[in-house]
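Nothing in this text is a laboratory measurement; each read-out follows from the coordinates by a stated rule. Everything numeric in this text was worked out from a predicted model, so none of it was measured. Note that each Cβ is placed from the backbone with ideal geometry, even for glycine, and that neighbours are counted across all protein chains shown.
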Amino acid sequence: MYVFIIALLAFVLGTPAHAQVHVDIGIHLPGPPQLVVVPEVRAVQYAPAAPANIFFYSGQYWAFANGGWHVSAGYNGPWIVVTPQVVPRPILFVPVSYYRVPPGHWKQWAKHQPPRWGDEWGREWSEKRDWKARGDEEREEHGKGHGKGHGRGR
């Protein structure tokens, strides 16, 4: 079974983008959305007036819908479902407050911090992506040269 899953993943990931499955995720905009730079992640723009979580990065539109990520060359699709492993890091660093339609459980998270992707996708994902939330990286930076302290007691 394990070999079958690996072979299937290799086939899907090796398939050219034009041959991948396109899905309708319910985003139907009347025209290109106005994009605004996310100040905390200047390489990423978001669509504040869109009725969905739409971001623009490196010439592609990224949408977080139905609990997963989708990518497209155009603002209305066609959308390609992508695995969490291939979502660019700058997109993942966008704070919760820039998600127009955040999942309900995100409401308990700090709005000025990125979503807790490690909590969403698990330890294995975090280890494979060498993921640390921005707050974790900042705590490490402050803690350097101060023994095992994590930014405390400077």
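Restricting the calculation to Cα atoms, every distinct pair contributes to the Kirkwood radius of region 31-131, found to be 13.8 Å.
Rounded, prolate or oblate, given the Cα gyration tensor of region 74-131, with a/c below 1.5 counting as rounded? Since a/c reaches 1.5 but b/c is at least a/b, the shape of region 74-131 is classed as oblate. How charged is the neighbourhood of Phe64? Take every other residue with its Cβ under 14 Å from the Cβ of Phe64, and add Lys/Arg as +1 and Asp/Glu as -1. Once all neighbours under 14 Å are counted, the net charge is +1.
Residues whose amide H falls under 5 Å from that of Ala65, counting only those 5 or more places apart or on a different chain, are His70, with hydrogens built in the peptide plane.
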